[in-house]
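No lab work stands behind these numbers, since they all come straight from the coordinates. Model, not experiment: these values are computed from the prediction. So basically every Cβ, Gly included, is an ideal-geometry build from the backbone, and we count neighbours across all protein chains shown.
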C-alpha cells in the first residue's frame, strides 16, 4: 500500500457563489483513492472548475459562497489534510517574469532550501521537456508553452493531490498526450489525480468519471462533433499579404521567412504546435508587433507604417485569452465599445451589439459584468465585440478555447455568415478538427517556418506532415 497520495471523499457536496441563488454544483458524491485517475467532464458552466477549487481549498476560503455537504482531503502518509497542487484553466495567470522563477515559487513556498531549489526547478523543466524555456520571459511564451510551465510548477512540488483544469485546451495533440502521460505517471507514483475537461477523447475506457451538467451528476452525452466540410466560395481580392516575415524575440522564439495570404471569402487556418509562431504572426496583422524584416500588407496598407487604431478599422482580432481585451463593467457596453469609440451614438451602438449577442445566444448576459461570468461566456463576449464592428479581415486566435461543442458550432455558424458576406478569416489554431470544419486552406508552421500551404482537405490528410507539426500522435 502506498504511503503517499490522499484519499478525497465527497458526500453531498454543493456550492452556491455569494450573490447568486442557483447552486453551481449540487449532490456530488465520490471517493478518490491514492494513485487513482479521476475525470470530471461536462459542457461549459457545468461546475467542473468549481469542484476542483473546492478540492483545492480555494472555495469557500478565498472565493466566497455557501458550501454544503462534506469534502475531506486526507493525506495517506500523515492522516492530516493534504495540500493539493492545481493547474488553472487560464495559463495567462502567472506571477513572475521568467519561467525559472515561476516554477521556483511553489517550491520556495513549501520550504525548499536555496541549495535544493535550482536542481528541483531544472528537474521539473526536464520532466515536462521544456528545459529550453528556462530563461524565457513568461509574456513571450505561447499559451501552450505557458500551460506546460504551469504543469511543471505543479509537478515540481511532488503533490499528494494533482488538479488539472482543462489541461489540454491550449496544447497541440502531441503535447496533450505528453501532459496526460505525466499525469498518469504521477498517479502511478501514488498521487491522487483529478482532470477536468470538456472533451471526452482523452478519457480512457473504464476510468472513474464524474459527468456534470449544470452542476449536477449526469449521464454522459458526448454532444455534436465538428465534421470536415469546408464550404466552397468564390474568392475576391487580397485582404492580407505577408511576404518573407521574420520576427525574433530577444529571449528566443519567433518566425522566419513566412509567406501567407487571405482573400475575401476565404478562411485560412494557421496550424502548428505550441510555440511555432502562430500568435506572433497574428499580432503582426494589426500592428502589435513590427517585422524584423519582410512585409505585412493589410488591405493595401503597409502594417508597419500604420497605427494600430487605423488597422483596427478593418481588422477584427480575437485574442487567445479574452481577459486581454475585455475591460468594461457591462457586457453590452463591452460588445458595443468599438462602435462607441468610433463616435456612433451609444444607443445605436448598443442596439447593434444586442443583435450580435442574440446571434451568439449571449443576450441574456447583457447586464452582467463580463469579469463575473464563466470563461466560455467571456470568450463569446470577446468574439461578439469583434463581430459587431463588421471587420473585413477577422483574425481568431484559438477561438474554441474554453468552448464546448455547441458553443464552438455557434462560432462556426457566425464565421460562415461573415465569409458569405465577403469577409476573410485567419484562424489561428492547433485544433485540426476545427480547422477541417471551417477553413478552405491550411498553412502549417513548425519551428517558426511554413512547412505546408494548401487546400485544407489535402493538408489535413497528410499524416506524416501532421505528426511532424505535432498535430497528430
Worksheet, complete the sentence: The extension gain from residue 97 to residue 110, computed as 0.36 nm times the residue separation minus the Cα-Cα distance, is 2.7 nm
Discussion item. Give me the mean projected area, in nm² to one decimal, of the convex hull enclosing the Cα positions of region 1-114.
Written reply: 9.2
Response to the item:
Quick note on 116, 351, ordering by fewest other C-beta atoms within 10 Å, gives 116, 351
Worksheet item: How big is the Cα convex hull of region 383-442 in projection, averaged over all directions, in nm²?
Response: 3.9
Worksheet item: So for the pair residue 364, residue 325, with labels modelled 7 Å out along Cα→Cβ, what separation do we get in nm?
Response: 2.5
Worksheet item: Quick one: what do you get for the chain if you divide its Cα Rg by 2.2 N^0.38 Å?
Response: 0.99
Discussion item. Rounded, prolate or oblate for region 62-146? Axes are the square roots of the Cα gyration tensor eigenvalues, ordered a ≥ b ≥ c, and the cut-off for rounded is a/c under 1.5.
Written reply: oblate
Item to complete: Take 337, 297 and order them by how many other Cβ atoms sit within 10 Å, fewest up front.
Response: 297, 337
Worksheet item: Using a simple spin-label model with points 7 Å from Cα along the Cα→Cβ vector, what separation in nm is obtained for residue 288 and residue 453?
Response: 2.3
Fill in: Spread of Cα-to-Cα distances over 10 Å intervals beginning at zero, given as percent, for region 116-173
22, 55, 23, 1
Item to complete: Could you tell me what percent of the DSSP beta bridges with both partners in region 89-220 are antiparallel, to the nearest 5?
Response: 40
Discussion item. Suppose we keep just the DSSP beta bridges with both residues in the chain; what percent of those would be antiparallel, to 5?
Written reply: 55
Item to complete: Please give the contour-minus-distance gain from residue 300 to residue 129: 0.36 nm per residue of separation, less the Cα-Cα distance, rounded to one decimal in nm.
Response: 57.3 nm
Worksheet item: What is the distance, in nm, between label points placed 7 Å from the Cα along the Cα-to-Cβ direction at residue 468 and at residue 374?
Response: 4.0
Response to the item:
Quick note on 401, 283, 66, ordering by fewest other C-beta atoms within 10 Å, gives 66, 283, 401
Response to the item:
Per the helix-only model, the chain has a calculated mean residue ellipticity at 222 nm (DSSP H runs of ≥4, -39500 (n - 2.57) each, divided over all residues, rounded to the nearest 500) of -9500 deg cm²/dmol
Discussion item. I need two numbers for region 238-468: Rg to one decimal and Dmax as a whole number, Cα atoms only, in Å.
Written reply: 17.2, 54
Response to the item:
Descending packing, highest mean Cβ count within 10 Å first, for 450-463, 51-64 is 51-64, 450-463
Worksheet entry | Rg [Å, one decimal], Dmax [Å, integer] - region 1-57, C-alpha atoms | 13.1, 45
Worksheet item: D for region 52-112, whole µm²/s, Stokes-Einstein with Kirkwood Rh over alpha-carbon pairs at 10 °C and 1.306 mPa s: what number?
Response: 114
Discussion item. How many angstrom lie between the Cα centre of region 268-335 and the Cα centre of region 127-157?
Written reply: 24
Fill in: For region 6-217, projected area of the alpha-carbon convex hull averaged over all directions, nm²
11.7
